[in-house]
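Accompanying notes for the structure given below.
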Amino acid sequence: MELELLTDRLLLRPLRLDDLDVATEMFTDPEVTRYAGGVLTAEEVETEMSDYIKRCAGGGIGIWCVLDRETSEKLGSGALLPIPIEEKDTNWDLVEGPDLPDREIEVGYFLKRPAWGKGYATEICMRLLAFAFEETPLVDVVACIEGDNDRSRHVLSKSGLRDEGTRRAYAEQLPCFRVTRTQWMSANRS
Ligand SMILES: CC(C)(COP(=O)(O)OP(=O)(O)OC[C@H]1O[C@@H](n2cnc3c(N)ncnc32)[C@H](O)[C@@H]1OP(=O)(O)O)[C@@H](O)C(=O)NCCC(=O)NCCS
């Protein structure tokens, strides 16, 4: 399974420990973390990196670092991860082993603030959906947001995920979105 994913402007490659720089820039920023659990300290990000680099299912489930293809500048991250239900955050014990986790898989993305407003998040989301449906056996992909995260809601809608109302996730009732393999294939058949 090829885990280096290209788009017109971006390279997505599996997150590594030396991506601590971009992870710290994002997760210590109150704006970036506003709808994602709030800021971490730099020490907390460093500690959590060993979880963030975990992968399973042949590497298909995990976090990718997102770079500008031309300059190699790190812009953010994208992820396919098991959605937490009664946990407040990802259960990293599920991101281990050869099989897909026994949970629905959520698409996610974070950009450092200077990279907002350029269409990158939608490019990341679309590429990860293409990967999920072309390279893994997943039959659907979900995403949940905090109710007023309008930027993320917009990204999901542009990427073809459909509003499913609220559901249980992150130990809360949250707006949920989903796209099935069939929907994705019929929308993206060339
Ligand atoms: C959510 C987040 C990733 C969205 O980023 P974003 O830059 O607003 O998202 P997009 O990729 O859709 O880009 C937005 C705008 O870029 C503009 N843009 C500029 N150049 C563009 C291009 N070449 N192609 C497409 N859009 C472009 C567009 O105007 C687009 O807005 P529009 O669709 O209304 O026209 C970002 O706000 C973020 O990192 N937030 C914090 C983390 C977070 O909440 N993650 C989600 C958890 S659920």
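Helical content alone sets the calculated 222 nm signal of the chain at -8000 deg cm²/dmol, taking -39,500 (n - 2.57) per DSSP H segment of four or more residues and averaging over every residue. Sorting CYS144, CYS65 by the number of Cβ atoms found within 10 Å of their own Cβ, with the fewest placed first, yields CYS65, CYS144. Amide H to amide H distances under 5 Å link ASP140 with ARG181, where only residues 5 or more positions off or on other chains count and H is placed in the peptide plane. Reducing segment 1-80 and segment 119-147 to their Cα centroids gives an inter-centroid distance of 15 Å.
Extension gain, GLU44 to THR180: 0.36 nm times the residue separation minus the Cα-Cα distance gives 45.4 nm.
Using the structure shown, list the pairs from LYS112/LYS158; LYS118/LYS158; LYS88/LYS118 with a Cα-Cα distance above 18 Å, or answer none.
Too far apart for the 18 Å limit: LYS112/LYS158; LYS88/LYS118.
Between amide H atoms placed 1.01 Å from N, distances below 5 Å from LEU75 occur with VAL66, LEU67, ASP68, all of them 5 or more places distant or on a separate chain.
I'd like the projected area of segment 1-132, averaged over all directions, using the convex hull of its alpha carbons. Report it in nm² with one decimal. Mind dumping the intermediate values first?
Numbers: hull surface 31.0 nm².
Result: a mean projected hull area of 7.7 nm².
None of the figures in this text is laboratory data; all of them are computed from the coordinates on show. Note that this is a predicted model, so its numbers are computed, not measured. Cβ coordinates were reconstructed from backbone atoms using ideal geometry, including for glycine residues, and neighbour counts include every protein chain displayed.
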